[in-house]
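The values are calculated or read from the model by the stated rules, or taken from the named source; none is laboratory data. Quick caveat: nothing in here was measured; it's all calculated off a predicted structure. When we count neighbours, we look across all protein chains shown, and the Cβ atoms used for this are built from the backbone with ideal geometry, even at glycine. Areas reflect the complete protein model, heavy atoms only, side chains present, ligands, DNA and RNA absent. Shrake-Rupley method; radii C 1.70, N 1.55, O 1.52, S 1.80 Å.
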Amino acid sequence: MPALTRCSTGSKFRVFRKKERPPMVSYRKSQSGTTNGDDSFSIPQLCVRINTLHSIRKELDVLEKRTISQLRDNTRVHDDNIVDGLGKCFELSVASCLEGIQQLSEAISYKIIFHELRHIFWDYVYVADVSSSRIEPFLQELENNLEIISATVHDRVRTRVITNVMKASFDGFLLILLAGGPSRAFSLADAAIIDEDLKFLMDLFWSDGDGLPTDLIDKFSATLKGILPLFHTDTAILIEQLEHATEDNLGTSAKSRLPLPPTSGNWSPTELSTIMRVLCYRNDKIATKFLKKKYNLPKKL
């Protein structure tokens, strides 16, 4: 994760930072193509591998039932341990197929979110100015990738793959908000935009009832929705919450310089590092002065 800094509020160079963002097309050219004509790790090919493992798993079920049935009918086989041992071998093979499907699902998900769409997600969303770099371009490209998955992956495993893509997108959104680097800053007014963009992202996976179940979407978005109220919270109240939480958890007086809380990655509205990071990305003079005084954080890396 990028090192923590305090926000440079009201910088006269802010407008020039917006112009420095490289065009999205240049990222697309460098990241979406194949290497030396090898597309073996492209999204469609990874989807085909999932289908292959799913097919193998189904054939294993048929083969297991047929083999065990034939052994039991064979009068020369009197040892039940042989049949039971064979069943365990099939169980290991089936478990390996399921593990392979899960690993490929995760690989597809994080490849899409953090590699294929990096140019319009990690390198674009909320960079420099929140209102002019919102999530819509990312959603359009993400929808195209979801259509590829839907058209390629077998319907029995499709939900698992799309659920992993949703989880990866929520993970990425969390990192943008809490560890997006010094090119991002949020004011209280930006909180409503963030709320709306998260709703757009969730709606994409719901797809008017034709996508993932709402309870599944709610389950995986719970952490994100849990921290969003912090972006609506006044800076002075956030500072009080951080000081109280520091005293309760670290036993350190709020009057002295405070130690940087460890980053656990278990984001929550009451967790020290989460509150600290919301303050670090708060475009507010009060937050900047507090972080300078209590943590001596720099304005730039």
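Side notes on the structure shown:
- The tail of the calculated P(r) for the stretch 153-301 beyond 24 Å holds 39 percent of all Cα-Cα pairs.
- Nearest-10 value in Å² for the accessible area of residue 206, using the 1.4 Å probe: 100 Å²
- Residues in the stretch 133-153 reached by a label modelled at residue 228 [backbone nitrogen below 15 Å; 7 Å Cα→Cβ]: 135-136
- Label point distance in nm, residue 240-residue 260, each placed 7 Å from Cα along Cα→Cβ: 2.8 nm
- Across the alpha-carbon set of the stretch 235-300, the Rg to Rh ratio works out to 0.92, Rh being the Kirkwood radius.
- Look at where the Cα atoms of the stretch 214-234 and of the stretch 111-154 average out, and the two centres are 20 Å apart.
- Distance histogram for the stretch 43-232 (every C-alpha pair counted, 10 angstrom bins, percent rounded to whole numbers): 8, 30, 25, 15, 10, 7, 3, 1
- Protein accessible area in the stretch 235-300, 1.4 Å probe - carbon and sulfur %: 52 percent
- Projected label points at residue 39 and residue 215, each 7 Å from Cα along the beta carbon direction, are separated by 4.0 nanometres.
- A 1.4 Å probe run over the protein chains yields, for the stretch 235-300, 53 Å² of accessible area per residue, whole-number rounding.
- Full extension of the chain segment joining residue 62 with residue 249 gains 61.7 nm, where the gain is 0.36 nm per residue of separation less the Cα-Cα distance.
- Among residues other than residue 284 with Cβ under 13 Å from its Cβ, the summed charge is +3 (Lys and Arg +1, Asp and Glu -1).
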